[in-house]
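In what follows, a structure is listed as structure tokens, so that the remarks can point back to it.
The values are calculated or read from the model by the stated rules, or taken from the named source; none is laboratory data. Here the structure is a predicted model, which means the values were calculated and not measured. All Cβ positions, even for glycine, are placed from backbone atoms using ideal geometry, and neighbour counts span all protein chains on display. Remember, those area values only see protein heavy atoms, side chains included, never the ligands or the DNA or RNA. Shrake-Rupley method; radii C 1.70, N 1.55, O 1.52, S 1.80 Å.
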Amino acid sequence: MLLVAYGGLYPALREKTLPAMIRIDLVCGTLALLVAGLLFAGGGTGFSLVLLDVPWWAFSVLTFAILEVPFFLWFVRRHDLDLGP
């Protein structure tokens, strides 16, 4: 999902702005959460964040966000995006 977003969708944006990226990211994040839900909801699979056990949806959201940070920073630097107000 992240490779599609950062390799295809974001570079194809006519105007590369943070609000445009957020809209696409909401769709990508929702799709990733949907896939995780189809795989793990009601299955009883345990997920651990080292110190505590978390439900599948929290694990999915947190790991997606952690994985996205390097892609985001790379994209912002490469396209010289202004993150200020």
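In segment 14-85, if the dipole is taken from +1 on Lys/Arg beta carbons and -1 on Asp/Glu beta carbons about the Cα centre, which of GLY44, ILE22, LEU34 is farthest to the positive end? It is ILE22. Please go through segment 1-66 and write out the trypsin sites (Lys or Arg not before Pro) that DSSP classes as loop and that have at most 10 other C-beta atoms within 10 Å. Passing both the DSSP loop test and the Cβ count: ARG14. Taking the Cβ of LEU33 as the center, what net charge do the other residues with Cβ under 15 Å away carry, scoring Lys and Arg +1 and Asp and Glu -1? So the environment of LEU33 carries a net charge of -2. On the principal axes of its alpha carbon atoms, segment 1-50 extends 44, 24, 18 Å, with the longest extent given first.
Solvent exposure of the chain amounts to 72 Å² per residue of accessible area, where only protein heavy atoms count and the probe is 1.4 Å. On the chain, 70 percent of the accessible area sits on carbon and sulfur atoms, based on a 1.4 Å probe.
In the chain, the convex hull through the Cα atoms has an average projected area of 6.5 nm², a quarter of its surface area.
For segment 45-85, the alpha-carbon coordinates run over 41, 19, 16 Å along the three principal axes, in decreasing order.
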